[in-house]
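Since the structure comes first, as structure tokens, the remarks are kept for the end.
The values are calculated or read from the model by the stated rules, or taken from the named source; none is laboratory data. Everything quoted here is computed from the prediction, not taken from an experiment. Virtual Cβ from ideal backbone geometry, glycine too; neighbours counted across all protein chains shown.
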Amino acid sequence: MEALNKERRYQMLSLTRLKASMEEQLKQKTVSLELVAKMESTLDDYYRPKLKQFTETTQKALMLLSDKEDAKEDRELETVMLDDINRYQDISIVFQSKIKSYQAKLSDDRVCKSIVPPTSASEPSSSIVHQFTKMKEIEPPTFNGDLTKFFKWKNLFVNLIHNHPPNEMGNTLKLYYLKKSKVGEVEGLLTDFNLSDEGYVSAWDFVLFRFEKHRSIAKAFFRKLQHLEPIKNERNLQKLLDSTNSVIRGLSAAGEEINDTFSRFLAFHTSTKLDSATLKDWEDSLSNTDTYPKFEQLSKFLQCRAFAAEERQREAEFQSGTAPKESRKPPQDRDRDRKSFSATVVRKPKCVLCAQNHYSNQCVDFKAKSPQDRYKIVKKKRLCLICFDSRHGISDCKSKFVCNCGSHHSSLLHFEFKKSYADESAPSEKSSSSAQNSSELRSVEKQSYSCLRNLPNEFVVLPSAIICFSCNGVVGKACVLLDSCSQSTLVSDLFVRKFKLAVQRSQPSSIGGVGKNPINSSSFVSFIVSSRVGDFKLSMDADIVPASSIAYTANFAVPAQLSADIRKYPLADPAWAHERLAIDRVDMIIGGKFYEQIICDESYWVGELKLRRIQFGYTVAGVAPQSIVRSSAFSGCTIQEIDRTLRRFWELEEAKKIAPNRERALASFYHLERSLDKETWAACIKFLVEYREAGHVSLAEPPKNHAYYIPYRPVIREQSSTTPCRVVFIASSHRKGELSLNDGLMRGPVIQRDLFDILISMRSYHFVLCADIKQMYRMVWVHPDDQDRQRIFFRESPSEPVQEYCLKTVTYGTKPASFIATKCLDEVAK
């Protein structure tokens, strides 16, 4: 308490000095913008933070006083402390009102100066009233530390504020605006600079030294160029073009030369962000095959295409009736409507990352992060996963825009999940099964579903590959399909029998197809797969299923030009190198668990087919160039069986098995008997003899399997007048890896009222009785069936045999003792 009072006195001294400083400012006869800025800075940057610290310190002191007894001196001190807080808060309010009045006076003076009388005879005799409106105080351009926006902020600040002559705007006011322009991460950067002419010069030089680094600015623009978001349709062309032009202007301002080579690189980099249709038209529009086009040529092409896309969108909106319709009211009615007034509160958008006034899906910093990091930010701030609004959840979102995958989340949050539901087994089961032989049953229960449908008019080519495999000395090649949506890896039974692979048993898993009976799989094969074109290797387990359940065939002629384009790449499946694609079987389906380890980032479009580089070569997928009369498509997924979920309910409710501890408790008793001095041991014996004479213990029957022995030790409290020696029972004693009695018990809820509520209700009575229940826990009997779990060892003399006793009452030291005793009192009271 003394330390808090000392701190309060120091803070009151600081507040008094600041008050005197502000009063000196108020005594100045001339009111100027510099004076108002200095007063506002003193109030906001110095007085209010000190007032906040003083209020917090006083509140801590008041809390300590409230814990003491109700003394008259303490109550008077509380009143004085509260008066101090109110007095200094009133000073803040008075100075704030003075600042507001000065600002209003300056605004009125500016309006009055706009009325200029004639100065010569040639001018009209009447006063000329210039069309000046009451202007708002200058809002300086803000800067949040984003280097890509530094030159834009600098140019605005220099033209609006920095270049003002001293007779129009002093350096003190310029420093005020300079501090006000810093927001976000750099908000407190200039706090230590005093409001003065010299302070502004130093602060301005510091800002230029801190941020005007051409190498860092150029690097920030290059990073922005690198992370340009690819577009999916022509509606986003203008956005891509504006972002690229913004980078060019920023690099030029940073002193970087935009030469022909860099312009061609910009054209190439921007073209990689285009959608497939726009990229195709761009390539078709190029007639010169000798030199690569410059960015200016691509910019003109994209500008025309973006304009055409916007016109088509407007026309579509007009045709669908979503365009604003012209009013059909008579002219006089429309004029009457124009005379009405309405007030609309526009809610400015706010970015979830940088807190600036733009939408989150337009934030460069937010887009530069990975989808996983964006998802974490949105979840942490509890925003809608579709529109990033904090006022509603995903179930109440009215936005019609969803991800391209069809799920209800923004496309900025889309990423592939690597986790499989089938792998969500309990940690204890994993640890227990790790020591077993790999040939034993695997503790993985799952149910797999597959979808088989006919595609009558088109054929979608699935990514296939020829891989090398090794299984217990057996090596060979296999045709595999890559399925990122499948949560299981499957292998054909014909393939297993053909190579005579080593089969291992597992618990049955049900694989069901739409319209077909489920197929049970109770065995698996362990592989090491490797690439034919590289050093990549991967270990995996595959469930064995009938060959008919993973059937996939493809047989059609590949156009000559398409085949020539595809053969330029090292193919994962050599079947694409022939004039006719012929795939008559699939040996394996590699699921999503290994998909991210196999896939690479590089991909190319060849017509309607997409070539993607993986660890096994280039796969080909997409719509086939010819229509196929009939084909089949397969998709598999795995979910947990419901019996595992149900079983976990009763497993959680089952009582934990407590390890037998008779020998350990007996050894603990012998050690206690030997280690204690005679006086302490005699006091312990006296306490337990009283325990026995009170009938709270009884001799136990021969040992039982479910019996538990509680160790104990004496605790000496010399200052206690009633029980100087008390025996504490240790029901939490256990060996490493075993469970104690308390581990198998539940604590129970708190059923009595809070102490604060009890004290409040007690103060409403004139007379209060306070009583203590002697040996409260020992007044509650334990059921005879449970007394065997409260056994102890005891003898009065080392010459006597050790006897076993059962504690018949609630024992302090057990976890639910407090709840049981309180609950019994509550039931008796009812």
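Among the candidates GLU804, GLU738, GLU796, single out the residue that is closer than 18 Å to GLY695 by Cβ and part of a loop (DSSP other than H, G, I, E, B).
Just a single option satisfies the conditions, and that option is GLU796.
Of everything in the range 741-769 that's in contact (Cβ under 8 Å) with a residue 12 or more places away in the chain and not in a loop (DSSP other than H, G, I, E, B), which residue is nearest to PRO816 (Cα to Cα)?
ASN742
Return yes when GLY170 is on the phi > 0 side of the Ramachandran plot and modelled with pLDDT under 80 and no when it is not.
When the stated conditions are applied, GLY170 does not pass them.
Exactly one condition in (1) outside any helix (DSSP H, G or I); (2) within 15 Å of PRO798 (Cβ to Cβ) is false for ILE685; which is it?
(1)
Could you grab me the full set of residues in the range 687-707 that are touching a helix residue (DSSP H, G or I) at 6+ places or on another chain (Cβ under 9 Å), of a type in the set (A, V, I, L, M, F, W, C) and surrounded by 14 or more Cβ atoms within 10 Å (Cβ to Cβ)?
VAL697, ALA700, ALA707
Can we say VAL503 is among the β-branched types (Val, Ile, Thr), farther than 22 Å from ALA582 by Cβ and in contact with an Asp or Glu (Cβ under 9 Å, 6 or more places away or on another chain)?
no
Going by what's in this entry, would ALA343 be described as surrounded by 15 or more Cβ atoms within 10 Å (Cβ to Cβ), at pLDDT below 65 and more than 30 Å from LEU147 (Cα to Cα)?
It is false that ALA343 is surrounded by 15 or more Cβ atoms within 10 Å (Cβ to Cβ), at pLDDT below 65 and more than 30 Å from LEU147 (Cα to Cα).
Looking at SER202 and the list (1) without any contact (Cβ under 8 Å) to a residue 24 or more places away in the chain; (2) crowded, with 19+ Cβ neighbours inside 10 Å, which single condition is not satisfied?
(2)
Restricting attention to the range 16-54, which residues are farther than 17 Å from SER97 by Cβ, modelled with pLDDT of 80 or more and in contact with a helix residue (DSSP H, G or I) (Cβ under 8 Å, 6 or more places away or on another chain)?
Correct list: LYS50, GLN53, PHE54.
Return the pair list, or none, for Cβ contacts closer than 8 Å from residues in the range 695-724 that are more than 15 Å from GLN787 (Cβ to Cβ) to residues that are polar (S, T, N, Q) and assigned to a loop (DSSP other than H, G, I, E, B), at least 6 apart or on different chains.
Close Cβ pairs satisfying both conditions: PRO711/SER733; ARG717/THR723.
Can ALA71 be described as at pLDDT below 80 and closer than 30 Å to LEU173 by Cβ?
Judged against the criteria, ALA71 is not a match.
Just one of (1) without any contact (Cβ under 8 Å) to a residue 40 or more places away in the chain; (2) more than 29 Å from LYS154 (Cα to Cα); (3) surrounded by 13 or more Cβ atoms within 10 Å (Cβ to Cβ) trips up ILE231, so point out which.
(1)
Restrict the check to the range 554-568 and report whether at least one residue is touching a Gly at 6+ places or on another chain (Cβ under 7 Å) and under 17 Å from SER464 (Cα atoms).
no
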